[in-house]
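Below is one structure, written out as structure tokens; comments come after it.
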Amino acid sequence: MFDLAIVGAGIVGLAHALAAARRGKKVVVIDRDAQANGASIRNFGFVTVTGQGAGDCWQMARRARDVWAEIAPEAGIEILQRGLVMTGRLPESEAVIDAFLATEMGEGCTRITAAEAAEKVPCIRSDAVRAALYSPHDLRVESRTAIPKVAALLAGKYGVEFRRQTQTLNVAPPQIETTRGTIKAEVAIVCPGDDFTSLFPERIAAYNVTRCKLHMLRVRPASPVRFETAVMSDLGLGRYLGYAELPEAAPLKARLDAEMRAARENGVHLIVTQSADGTLIVGDSHHYATTPDPFAPTEVDDIMLEEFDRVLALPGRTIVERWIGTYASAPDRWRFTDKPADNIRIVIVTSGCGASTSFGIGEETIAELYG
Ligand SMILES: Cc1cc2nc3c(=O)[nH]c(=O)nc-3n(C[C@H](O)[C@H](O)[C@H](O)COP(=O)(O)OP(=O)(O)OC[C@H]3O[C@@H](n4cnc5c(N)ncnc54)[C@H](O)[C@@H]3O)c2cc1C
């Protein structure tokens with residue numbers, strides 16, 4: 001008999017497994033796939049603190065960032081970048097940067113010049129920087145290798161058992177019915193990502209969930225260039241809630257809607273992170289649907305690349321990889337924890353910030369369950 005069964009081996013499930021295992025609980029994680037294949041390995045690996053929505057999202061991100069930093073050395077996960085440079089080309093962006101710096105979320109962040117931004121990311125165009133925000137708070141890991149390494153740490157150091165290629169069919173602790181037989185556990189936490197129909201479909205539907213589809217690219221610069229930090233731009237100031245919800249962001253959003261209509265209509269903003277081999281992960285777009293189509297039209301990639309070229313001078317760059325990902329989305333919340341029974345929780349991050357917040361959420365759920 002396990003103390004805890006977790007359905008889903010994405011970052012949300014793994015974060016809950018870590019929090020429970022650190023308290024000495026005997027944990028099993030069940031996933032239908034042979035290896036991680038969902039949103040958790042398709043993202044930027046950008047553990048973003050600065051720019052998350054004010055309140056508990058920002059707070060969870062701060063805690064989750066600390067947990068990533070704690071476990072990275074023992075899991076063999078390299079922190080590839082630290083910090084963020086947020087470029088502001090428009091005067092309206094400058095006002096948002098200044099307003100953000102005046103909030104508690106601006107603590108430790110600074111306003112920097114184009115020359116200072118170029119010290120961190122040498123290919124930043126000077127005409128893309130009227131003002132820039134530098135944040136030291138953010139981390140970047142390579143998700144496609146980091147997620148398996150977190151799972152390996154859980155198995156190796158904490159004795160967490162993994163049942164892969166195992167679909168969970170019914171959750172009624174102490175009985176967890178799966179395609180490979182019954183697993184016994186006192187408590188169950190369901191972390192199904194954007195699968196809203198396999199388990200507890202009516203309860204999940206009550207949160208008006210939908211899915212968001214994102215385009216992603218991997219770009220190789222023609223010659224080596226080192227990005228000390230991640231890079232975002234004006235479109236991010238108009239979209240990430242930590243900035244976009246500030247009253248000072250209203251003129252920026254109006255200008256972006258008027259002048260960068262295609263980007264805004266396709267939910268495009270610029271995030272650029274760098275991998276160990278020097279290639280850049282570039283994204284992303286946001287299209288919402290109950291069942292997003294699986295297609296990735298090049299027009300959307302071109303909008304992303306237009307903003308990339310507006311901010312970064314990398315002539316001769318080539319695209320070496322393209323993929324799409326999906327994540328859960330809800331109109332009025334960035335995450336929820338549902339309680340079908342005293343010993344069952346459903347935990348879903350309904351926004352594009354699960355890599356940045358899950359370790360905090362996991363600790364919260366485990367503290368609530370076990371005191
Ligand atoms: C392209 C992209 C970019 C992103 N960028 C960022 C970013 O910059 N920063 C950030 O913080 N976040 C980002 N995100 C969001 C983040 O990746 C997600 O919030 C997070 O990965 C969600 O984790 P999860 O564990 O809920 O989902 P998943 O990783 O999808 O995992 C869910 C798992 O549950 C399993 N499962 C579901 N139902 C069952 C069942 N019945 N039985 C067995 N197994 C089941 C699935 O097989 C899957 O492995 C991005 C996402 C995408 C797609």
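The values are calculated or read from the model by the stated rules, or taken from the named source; none is laboratory data. Bear in mind that the values here come from a model prediction, so they are computed numbers and not experimental data. Neighbour counts are summed over all protein chains in view; Cβ atoms, including those assigned to glycine, are modelled from backbone coordinates with ideal geometry. Heavy atoms of the whole protein, side chains included, go into the accessibility calculation; ligands, DNA and RNA do not. Shrake-Rupley method; radii C 1.70, N 1.55, O 1.52, S 1.80 Å.
Numbers below:
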{"quantity": "Residue in the range 23-56 that is nearest to the ligand (Cβ to nearest atom), counting only those that are crowded, with 23+ Cβ neighbours inside 10 Å and closer than 21 Å to D98 by Cα", "calculated": "T48"}
{"quantity": "Check on T166, without any contact (Cβ under 8 Å) to a residue 60 or more places away in the chain and β-branched (V, I, T)", "calculated": "no"}
{"quantity": "The range 1-15, subset part of a loop (DSSP other than H, G, I, E, B) and near the ligand (Cβ under 9 Å from one of its atoms), residue farthest from I176 (Cα to Cα)", "calculated": "G10"}
{"quantity": "Among residues of the range 210-231, those that are under 18 Å from the mean Cα position of the chain (by Cα) and either modelled with pLDDT under 95 or open to solvent by 30 Å² or more (accessible area, probe 1.4 Å) (or both), counted", "calculated": "2"}
{"quantity": "First in the range 173-194 and more than 21 Å from R211 (Cα to Cα) and within 8 Å of the ligand (Cβ to nearest atom), second anywhere and open to solvent by 40 Å² or more (accessible area, probe 1.4 Å) and not hydrophobic (A, V, I, L, M, F, W, C), Cβ under 8 Å, 6 or more apart", "calculated": "T178/R163; T178/Q167"}
{"quantity": "Residue list for the range 72-94, filter: of a type in the set (A, V, I, L, M, F, W, C), more than 16 Å from the ligand (Cβ to nearest atom) and more than 30 Å from D257 (Cβ to Cβ)", "calculated": "A75"}
{"quantity": "Options K120, K184: the member that is of a type in the set (D, E, K, R) and closer than 28 Å to P73 by Cα", "calculated": "K120"}
{"quantity": "Output for the range 1-22, where each listed residue is open to solvent by 20 Å² or more (accessible area, probe 1.4 Å) and under 18 Å from the mean Cα position of the chain (by Cα)", "calculated": "G10, V12"}
{"quantity": "Close pairs from the range 115-127: first within 14 Å of L314 (Cα to Cα), partner hydrophobic (A, V, I, L, M, F, W, C) and part of a helix (DSSP H, G or I), Cβ under 8 Å, at least 6 apart", "calculated": "I124/A114; I124/A117; I124/A118; I124/V311; R125/V311; S126/A114; S126/A115; S126/A118"}
{"quantity": "Residues (of a type in the set (D, E, K, R), within 19 Å of V231 (Cβ to Cβ) and surrounded by 18 or more Cβ atoms within 10 Å (Cβ to Cβ)) located in the range 262-293", "calculated": "D284"}
{"quantity": "Set L101, L18: member being more than 12 Å from the ligand (Cβ to nearest atom) and closer than 18 Å to I147 by Cβ", "calculated": "L18"}
{"quantity": "The range 102-126: number of residues that are in contact with a strand residue (DSSP E or B) (Cβ under 8 Å, 6 or more places away or on another chain), open to solvent by 20 Å² or more (accessible area, probe 1.4 Å) and among the aliphatic types (A, V, I, L, M)", "calculated": "2"}
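For (1) open to solvent by 60 Å² or more (accessible area, probe 1.4 Å); (2) touching a His at 6+ places or on another chain (Cβ under 7 Å); (3) touching a residue at least 12 places away in the same chain (Cβ under 8 Å), each residue gets a yes or a no:
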| site | (1), (2), (3) |
| --- | --- |
| F295 | yes, no, no |
| D302 | yes, no, no |
| D309 | no, no, no |
| L312 | no, no, yes |
| I324 | no, yes, yes |
| T337 | no, no, yes |
